[in-house]
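Student: Dropping a structure here in structure tokens format, bear with me for questions.
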Amino acid sequence: MRGRAFGRHHVHEVLNESASAHAVSVHAYYPPLPKMRRFSRTGAVLWLKQVERPEDWR
């Protein structure tokens with residue numbers, strides 16, 4: 001298993017290219033995030049698609 005850590009302004013894409021193995025992505029934030037933003041990408045452009053608050057996750 002491999003792990004990576006990123007700085008607070010890093011944008012990353014989670015992608016599993018394996019056809020035979022599962023992938024797990026764990027994101028742990030402290031302090032907790034007040035909002036989670038979900039983006040989609042077209043070429044080099046990120047588009048904001050959704051904003052969620054913790055109360056939406058219950």
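Throughout, read-outs are computed from the coordinates displayed, never taken from laboratory work. In this text the structure is predicted, and so the values were computed from the model without any measurement. Cβ sites come from the backbone with ideal geometry, for glycine too, and all protein chains shown count toward neighbours.
Student: Report the label-to-label distance for S25 and E13 in nanometres (one decimal), using points 7 Å from each Cα along the Cα→Cβ vector.
Tutor: That separation, rounded to one decimal, is 1.1 nm.
Student: Through the Karplus equation 6.51 cos²θ - 1.76 cosθ + 1.60, θ set to phi - 60°, convert the phi angles of region 44-58 into ³J(HN,Hα) values in whole Hz; use x for Gly and Pro.
Tutor: For region 44-58, the Karplus-derived couplings read 8, 9, 9, 10, 6, 9, 7, 10, 10, 10, x, 5, 6, 8, 8 Hz, x marking Gly and Pro.
Student: Okay, next question. If the chain between W47 and K35 were fully stretched, how many nm would it gain, using 0.36 nm times the residue separation less the Cα-Cα distance? Kindly include the intermediate steps, with their values, before the conclusion.
Tutor: Details: separation 12, 0.36 × 12 = 4.32 nm, distance 1.62 nm.
Computed gain between W47 and K35 is 2.7 nm.
Student: Taking a ≥ b ≥ c as the square roots of the eigenvalues of the Cα gyration tensor of region 7-58, is the shape rounded (a/c under 1.5), prolate (a/b larger than b/c) or oblate?
Tutor: It is oblate, given that a/c is not under 1.5 and a/b is not larger than b/c.
Student: Ok, one more. So if I place +1 on the C-beta of Lys and Arg and -1 on the C-beta of Asp and Glu, and nothing else carries charge, what would the dipole magnitude of the chain be about its Cα centre? I want it in debye, nearest 20. If you can, show how the numbers build up before the last one.
Tutor: On the way: 10 positive and 5 negative charges, 33 e Å.
It works out to roughly 160 debye.
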